[in-house]
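One structure below.
The values are calculated or read from the model by the stated rules, or taken from the named source; none is laboratory data. Note that this is a predicted model, so its numbers are computed, not measured. Here the Cβ positions follow ideal geometry from the backbone for every residue, glycine too, while neighbour counts run over all protein chains shown.
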């Protein structure tokens, strides 16, 4: 699950990112509204939720939310703010925010708000994702398949899980290394050029050892494809 966190308080932003990362969220953290809009207004990254501070340098969180809704973007938004009057809450919700969290707050409450958004928003992931004979379980980071008589369950690392999830959301489609890198690693991270190939080898090894050899094929000069056709 990929999150855009827009928070200009360094200590709070770092604490939120650390907590979300520990709970297997992939987090892009930016400190001002202009940079946030650049992240939102591009075709490379697909976010599951945006956490927006109300008061930001550049474009405010409230204006960011308004721009999203004016562009018909249904991305769920959790608004963070020190403003706690009824009028402020109404303004945030009227701007298109899906939920509202008043500072100071505990990280347990933040996680609970995200889980609540997950339950009611189609933008969030379900508990499981099934494509063909594959089923990803978000609760225990496993994939199961029924290619053999007995059901096989494979325990995946966080990055392996994200990689297979990306392929399962684009079955039988060619995806490039660049698309994978932009979606699975933070925008600000300095990933090595061979990081996708290295992660692919690890995932394929687990799939092959569990009877799913050649499930992900390499199309030289083009990219990779999850081949679910019989």
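So, in region 6-27, of the ones that are in contact with a helix residue (DSSP H, G or I) (Cβ under 6 Å, 6 or more places away or on another chain) and assigned to a strand (DSSP E or B), which residue ends up surrounded by the fewest Cβ atoms within 10 Å (Cβ to Cβ)?
Quick first cut of region 6-27, residues in contact with a helix residue (DSSP H, G or I) (Cβ under 6 Å, 6 or more places away or on another chain) only: 6-7, 19, 24, 27.
When the remaining residues are screened for being assigned to a strand (DSSP E or B), the result is 6, 27.
On the way: 6: 29, 27: 18.
If we take residues in region 6-27 being in contact with a helix residue (DSSP H, G or I) (Cβ under 6 Å, 6 or more places away or on another chain) and assigned to a strand (DSSP E or B), then 27 is surrounded by the fewest Cβ atoms within 10 Å (Cβ to Cβ).
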Fill in the blank from the handout: Flagged pairs (Cβ under 6 angstrom, 6 or more apart or on separate chains; first in region 8-34, more than 15 Å from residue 52 (Cα to Cα); second loosely packed, with under 15 Cβ neighbours inside 10 Å) are 19/107; 24/158
Fill in the blank from the handout: Conditions (1) more than 29 Å from residue 202 (Cα to Cα); (2) assigned to a strand (DSSP E or B) -> residue 153 fails only (1)
Practice task
Can you run down the residue pairs with Cβ atoms below 8 Å, 6 or more apart or on separate chains, where the first is in region 89-105 and touching a residue at least 12 places away in the same chain (Cβ under 8 Å) and the partner is loosely packed, with under 13 Cβ neighbours inside 10 Å?
Solution key: 101/109; 102/82; 102/84; 103/82
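The rows are residues; the columns are (1) part of a helix (DSSP H, G or I); (2) surrounded by fewer than 18 Cβ atoms within 10 Å (Cβ to Cβ).
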{"site": "68", "(1), (2)": "yes, no"}
{"site": "100", "(1), (2)": "no, no"}
{"site": "108", "(1), (2)": "yes, yes"}
{"site": "119", "(1), (2)": "yes, yes"}
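Residue-wise test of (1) assigned to a helix (DSSP H, G or I); (2) touching a helix residue (DSSP H, G or I) at 6+ places or on another chain (Cβ under 6 Å); (3) modelled with pLDDT of 85 or more.
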| site | (1), (2), (3) |
| --- | --- |
| 167 | yes, no, yes |
| 170 | no, no, yes |
| 188 | no, no, no |
| 201 | yes, no, yes |
| 212 | no, no, no |
| 221 | no, no, yes |
